[in-house]
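Asks: One structure coming up, written as structure tokens, with questions to follow.
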Amino acid sequence: MAQFEDYSHIATLLVHAKQGELAEEERRALEAWRKAARENEALYRKVLAADFVPAHAEMHSHFDAEAAYCAVRALCRRRARRRVAYWISGVAAVCLLAVGLAGYWMALPEEQAPQMLAEAIIPPGEAKAELILADGASVFLGTGVQDSVFEQPGARVHTSGKHLNYVKGARTAEMQYNILRIPRGGEYTVVLQDGTAVQLNSASELRYPVQFVGDERRVYLSGEAYFEVAKDSRHPFIVETGNTEIEVLGTSFNISAYAEERRTETTLVEGAVRFSAGGGEVTLAPGEQGVWDAAGRLDKREVDVYPYIAWTEGKFVFRKRSLEEVMRIVSRWYNVDVVFESEEPRGISFSGNIRRYEDFSQVVRMLEMTGGLEFRIVERTIYIAAK
Amino acid sequence: MSDNMPIDDEERFFHQLFVDYYPSLCTFACGYLGNEDAAQDVVQDVFVKLWETRERWKAVEDFSAYLYQMVKYRCFNYLRAERLRDKAMASFAEEVEVTEVNRYIEEETYRLLRNSLGCLPPACRSVFELALDGYKAREIAEKLNIAEETVKKQKQIARRILKEKFGRLSLFFLPML
């Protein structure tokens, strides 16, 4: 009987072949395998064919893993409870006192639904922003708002439902600033006059010149944003947050600088940036994160970048974050308030992925899986207690 | 795996394993059962069993192969229960064993490819996804409305990141990291 584990390395070789990254000895190993059977050569060709990825993606789209996971966990819990019930009823046969208790356990409902008092659906955030122009006038932007084009000193501004684009106009001597303000429950993307794209998360604000003048490109951020900076080595791009400065030459990175988090995190995806605060500075390489914390410490560490930028792709990805942090992040996007009715749940460590565009009940379902928590939703306030 | 994994680490590991493998295993099971609903039932059963025998996880060396093996046996059991097993075995007998192993390799290859995309920055990823779909640099440039040079550059970046990532990581334990 063939053992699958004897062939797991073949999958790795095929991945490398598909990515065009076969090392010499890998190529030899793969060739030997291809020659071993006609079917192997056929599989090799199938993997390298153009429709390999789309065909599998199509097949996989039939299977919703998160929904199935909920079902499986519910089934596991039910079976575990049934075992407890059997055990207790066995004890009850010899211990009269326990009969009442066993009855109580047996009477437990099969599946406890999340405790939601209000049935009202809390929708996720959406594209939404307020643009404050150089003269102080403000324009509301977002899903459902008509596209428009208007002039600002030094640039023409195009707006659409989800983003805002500055196209360079006549040179100006003086810098004129616009402010893009994203409310809680909003997100929005702006392409600055130099081509830099900035995707802003909820409860965030970016102040930037309509046209960059001088030897640097400087913008001011509070909250969270993902930057894809247009390359221009002669004009360094600088992001200033309350007390930190990030200087870049052309790169992609995420900055989280919410006042309420009391720390600024810069996560570098590609390129290089200099992150300075409190008189110190660190240079970040891709996959590194610079942290400036409430105590005034500046530090850098290696991180898995994905959880920090997943929001730009419509996902929340949490890795060992405390429930308190998770709820702060979630509450900005769903524009809800969170009240911890007891202290213990705050520190519960949570890992998981949540789609940002689901309504809030999906988030509760996900968090419920950590077990031992009770969520109560009253209008836009979420009460969390230990069960 | 550590001997005493705390309960929430167990849950986390289980969830990651589930999300990572579920579609691949369902597709694999479909190959035996020819029916998506039955395939999902079988795979979900396997995961329930896996959860209930979690004290044995530390003995598992290769979770990937272990999962596929479990799914395979469950599929046989399912077919037997359906009194179709003899018929099914007859048709399996015509298949050489290599075909079965290759279905496993095929699913694993796709799962690993998909995971590798998850670690790329968005701009890179859209380029790389199209490249994996078999588009040429020029066509990708047209599709995404960017310069052909940019496409080539993004492809290089993707290669570099993947190389760095997979130089260090063991592909089969991605869900554990």
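Asks: Give me the aspartates and glutamates in straight-line cross-link reach of A:Lys168: C-alpha distance below 17 Å, same-chain residues under 8 apart excluded.
Replies: Hits, sequence-local ones excluded: A:Glu151, A:Asp194, A:Asp215, A:Glu216, A:Asp232.
Asks: Which residues' amide hydrogens lie under 5 Å from the amide hydrogen of A:Ala272, considering only partners 5 or more residues apart or on another chain, with H built in the peptide plane?
Replies: HN-HN under 5 Å from A:Ala272: A:Leu249, A:Gly250.
Asks: Given H placed on each backbone N at 1.01 Å, which residues far from A:Asn178 in sequence or on other chains put an amide H within less than 5 Å of it?
Replies: Sorted by chain and number, the residues that satisfy this are A:Tyr208, A:Val210.
Asks: Between the stretch B:17-45 and the stretch A:1-80, what's the alpha-carbon centroid distance in Å?
Replies: After rounding, the separation between the Cα centres reads 14 Å.
Asks: With springs only between Cα atoms under 10 Å, which of A:Arg355, A:Arg78, A:Arg34 fluctuates most in a Gaussian network model of chain A?
Replies: Sorting by GNM fluctuation, first place goes to A:Arg34.
Asks: Nearest 10 degrees is fine. How inclined is helix A:65-94 to the longest principal axis of chain A, computing both from alpha carbons?
Replies: Computed tilt is about 30 degrees.
Asks: Which percent of Cα-Cα pairs in the stretch A:314-386 sits in each 5 Å bin, short to long?
Replies: 4, 16, 31, 31, 15, 3, 0
Asks: Counting only residues 5 or more places away or on other chains, whose amide H sits under 5 Å from the amide H of A:Ala127 once H atoms are built in the peptide plane?
Replies: A:Thr143, A:Glu187
Asks: In terms of the Cα gyration tensor, with a ≥ b ≥ c the square roots of its eigenvalues, is chain A rounded because a/c is under 1.5, prolate because a/b exceeds b/c, or oblate?
Replies: Since a/c reaches 1.5 but b/c is at least a/b, the shape of chain A is classed as oblate.
Asks: Over 25 Å between C-alpha atoms is what I'm after, so list which of A:Lys315/A:Lys387; A:Lys18/B:Lys136; A:Lys46/B:Lys136 land there.
Replies: Values: A:Lys315/A:Lys387 28 Å; A:Lys18/B:Lys136 14 Å; A:Lys46/B:Lys136 18 Å.
Going by Cα-Cα distance, A:Lys315/A:Lys387 fall outside the 25 Å limit.
Asks: How far apart, in nm, are two points set 7 Å out from the Cα along the Cα-to-Cβ line at A:Ala272 and at B:Glu36?
Replies: Modelled inter-label distance: 5.0 nm.
Asks: Choose one of A:Tyr383, A:Ala137, A:Tyr226: the residue whose Cα lies farthest towards the positive end of the charge dipole of chain A (beta-carbon charges +1 Lys, Arg; -1 Asp, Glu; about the Cα centre).
Replies: Going by the charge dipole, the pick is A:Tyr383.
Asks: Compute the helix-to-body angle for A:24-36: its Cα long axis versus the longest principal axis of chain A, expressed 0 to 90° and rounded to tens.
Replies: Relative to chain A, helix A:24-36 is tipped by roughly 50 degrees.
Asks: Where is the GNM fluctuation largest for chain A (alpha-carbon springs, 10 angstrom cutoff): A:Gly271, A:Gly279, A:Gly287?
Replies: Checking each option, the largest mean-square fluctuation is seen for A:Gly279.
Asks: Also: Assuming R0 = 60 Å, can you tell me the calculated FRET efficiency for the pair A:Glu374 and A:Ala170, based on Cβ-Cβ distance, to the nearest 0.05?
Replies: 0.50
Asks: Relative contact order for the stretch A:314-386: what is it in percent, counting Cα pairs under 8 Å that are at least 6 residues apart?
Replies: Taking the mean separation of contacting Cα pairs over the length of the stretch A:314-386, I get 39 percent.
Asks: Now for a different question. Note the angle between two axes, namely the Cα long axis of helix A:323-334 and the longest principal axis of the Cα atoms of chain A, as a number of degrees from 0 to 90, rounded to the nearest 10.
Replies: Here the helix axis deviates by roughly 60 degrees.
Asks: Right, something else. Under the 0.36 nm per residue contour assumption, what length would be gained going from the current alpha-carbon distance of A:Val145 and A:Ala55 to full extension?
Replies: 28.7 nm
Asks: Next question. So if we plug the beta-carbon distance of A:Arg156 and B:Arg80 into 1/(1 + (r/R0)^6) with R0 = 56 Å, what FRET efficiency do we get, rounded to 0.05?
Replies: Values: r = 71 Å, r/R0 = 1.27.
Computed FRET efficiency for A:Arg156 and B:Arg80: 0.20.
Asks: Still on this structure, I have one more. For A:Lys18, B:Lys49, A:Lys35, B:Lys136, give the ranking by accessible area with the largest first, probe 1.4 Å.
Replies: A:Lys35, B:Lys136, B:Lys49, A:Lys18
Asks: Can I ask one more? List the accessible area buried at the contact between B and A, summed over both sides and calculated with a 1.4 Å probe, in Å² to the nearest 100.
Replies: The buried area between B and A, both sides summed, comes to about 5600 Å².
Asks: Using unit Cβ charges (K, R positive; D, E negative) and no other charged atoms, how large, in debye to the nearest 20, is the dipole of the stretch A:124-278 about its Cα centre?
Replies: 160 debye
Asks: Can I ask one more? Multiplying the sequence separation of A:Ala386 and A:Asp299 by 0.36 nm and subtracting their Cα-Cα distance, what value in nm do you get? Mind dumping the intermediate values first?
Replies: Numbers: separation 87, 0.36 × 87 = 31.32 nm, distance 3.47 nm.
Result: 27.9 nm gained on full extension.
Asks: Over chain A, with a Gaussian network built from C-alpha contacts below 10 Å, which listed residue (A:Gln211, A:Gln146, A:Gln289) shows the highest mean-square fluctuation?
Replies: Its mean-square fluctuation being the largest, the pick is A:Gln146.
Asks: Now a separate question. B:Leu112 accessible area, nearest 10 Å², 1.4 Å probe?
Replies: The value for B:Leu112 is about 0 Å².
Asks: Apply 1/(1 + (r/R0)^6) to the Cβ-Cβ distance of B:Asp9 and A:Arg184, taking R0 = 35 Å, and write down the FRET efficiency to the nearest 0.05.
Replies: 0.60
The values are calculated or read from the model by the stated rules, or taken from the named source; none is laboratory data. Since the model is a prediction, treat every value here as computed from it, not as a measurement. Cβ: placed from backbone, ideal geometry, glycine included. Neighbour counts: every protein chain shown. Heavy atoms of the whole protein, side chains included, go into the accessibility calculation; ligands, DNA and RNA do not. Shrake-Rupley method; radii C 1.70, N 1.55, O 1.52, S 1.80 Å.
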